[in-house]
Amino acid sequence: MATFKVETEQHGELNCWRISSDRAELLIAQQGAQILSYQRVGEPPLLWLSDQAIFRKGKSVRAGVPVCWPWFGNLQRNPGTVQAMFHGAEAPAHGLARDRDWQLLGIEEAGTSLRIEFELPDAQGDLPGWPHDVELKLLIVLDDALELTLTSRNMGNAPVTISQALHSYFAVSDVHQARVEGVEGLDYIETLADWEQRQQQGALTFTGETDRIYLDTPKQLSIVDPHWQRRITLTSSGSRSAVIWNPWIDKAKGLADMADDGWQRMLCIETANVRDDVVTLAPGQRHDLRVAIGSEMT
Ligand code: TA6
């Protein structure tokens with residue numbers, strides 16, 4: 001039986017839990033049910049936490065896994081079916097779930113794993129401008145891998161269409177040396193070139209600002225980090241799209257919560273339901289967006 005230590009911590013204005021075992025350590029904020037950091041014993045950090053992170057109510061932390069829901073990115077760049085769900089004036093980037101407090105439902109050991117479950121009660125009719133009734137839960141399972149399952153269940157009596165993403169920030173030794181495998185040959189949308197569609201040639205390496213939406217993605221993507229001699233693996237279900245992002249030099253300079261050189265030590269692979277992979281939930285229907293994050297030293 002594994003033994004886990006669970007402590008509460010305050011980071012700035014945010015209530016957090018630090019969970020540790022003989023295998024890993026995890027930091028989670030109540031705001032957004034957001035994982036802020038994850039490190040496995042004997043390895044460099046796996047999920048990245050900006051060293052200029054801001055811990056303030058109402059602002060998503062530049063770290064870990066922000067939950068983008070009930071839309072991803074700029075609402076106006078979403079399919080009309082997703083846009084039509086929102087009746088508010090101002091649509092914040094990445095939806096309405098990542099900057100408000102979630103409710104901790106429970107923390108329990110199950111064999112060698114620890115299960116932490118959160119719910120966002122506001123998603124059942126109390127999100128400003130988004131009047132739908134959806135039960136939204138996040139289950140985090142810490143075992144050999146770190147598994148996240150974001151579950152949306154339509155409790156209303158009309159269909160609801162959402163886009164969403166688990167916006168994971170990964171720590172790398174040097175983004176110039178890292179590469180992403182699993183995207184070879186995939187179609188992707190180049191958001192930096194007027195959202196034109198292109199095809200990936202070979203593995204993805206980073207030579208500049210990168211902000212791409214990959215389509216028809218496989219179950220597994222991985223980040224190869226030669227300097228740290230590590231392969232990070234992402235195994236997903238309930239998703240056929242993924243966003244890969246690195247702000248590079250100029251964009252990083254414009255982010256108050258990222259060091260000017262912070263872009264060199266991170267990259268995002270966001271397990272998503274976007275573009276033609278958005279999710280329409282009939283009344284009573286449920287959808288699970290899941291990613292398991294693991295690593296192996298190469
Ligand atoms: O990761 C894709 C993206 O939409 C980028 O365009 C960038 O805006 C990033 O998300 C971070 O967004 P945020 O609102 O957290 O600064």
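The values are calculated or read from the model by the stated rules, or taken from the named source; none is laboratory data. Being a predicted model, the structure only gives us computed values, none of them experimental. Reconstructed Cβ throughout: ideal geometry from the backbone, glycine too, with neighbour counts over all protein chains shown. To get the accessible areas, we keep the full protein, side chains included, count just its heavy atoms, and leave off ligands, DNA and RNA. Shrake-Rupley method; radii C 1.70, N 1.55, O 1.52, S 1.80 Å.
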Exercise for the section: Working only within the range 35-78, note down all residues that are farther than 19 Å from residue 9 by Cα and either of a type in the set (D, E, K, R) or touching a Cys at 6+ places or on another chain (Cβ under 9 Å) (or both). Expected result: 40, 43, 77
Practice task
Being surrounded by fewer than 22 Cβ atoms within 10 Å (Cβ to Cβ) and in a strand (DSSP E or B) is the filter here, so list the residues in the range 160-187 that pass it.
Solution key: 161, 179, 181, 187
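Out of the residues in the range 66-82 that are in a helix (DSSP H, G or I) and touching a residue at least 40 places away in the same chain (Cβ under 8 Å), which is farthest from the ligand (Cβ to nearest atom)?
Within the range 66-82, the subset in a helix (DSSP H, G or I) is 75-77, 80-82.
Keeping just the survivors that are touching a residue at least 40 places away in the same chain (Cβ under 8 Å) gives 77, 81-82.
Working: 77: 9, 81: 20, 82: 15 Å.
It comes out as 81.
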Problem - Single condition residue 157 does not satisfy, out of (1) touching a Pro at 6+ places or on another chain (Cβ under 6 Å); (2) crowded, with 21+ Cβ neighbours inside 10 Å - result: (2)
Problem - Long-range neighbours under 6 Å by Cβ, at least six apart or interchain, first residue over 17 Å from residue 213 (Cβ atoms) within the range 242-262, second near the ligand (Cβ under 8 Å from one of its atoms) and in a loop (DSSP other than H, G, I, E, B) - result: 257/62; 258/62
Handout entry: Subset of the range 193-206 that is more than 21 Å from the chain's Cα centre (by Cα) and open to solvent by less than 80 Å² (accessible area, probe 1.4 Å) - its residue that is nearest to residue 226 (Cα to Cα)
Key = 203
Problem - Hey, residue 17 part of a loop (DSSP other than H, G, I, E, B) and either touching a residue at least 12 places away in the same chain (Cβ under 8 Å) or of a type outside the set (Gly, Ala, Ser) (or both) or not - result: no
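Of the residues 151, 207, which is in a strand (DSSP E or B) and touching a His at 6+ places or on another chain (Cβ under 9 Å)?
After ruling out the rest, the residue left standing is 151.
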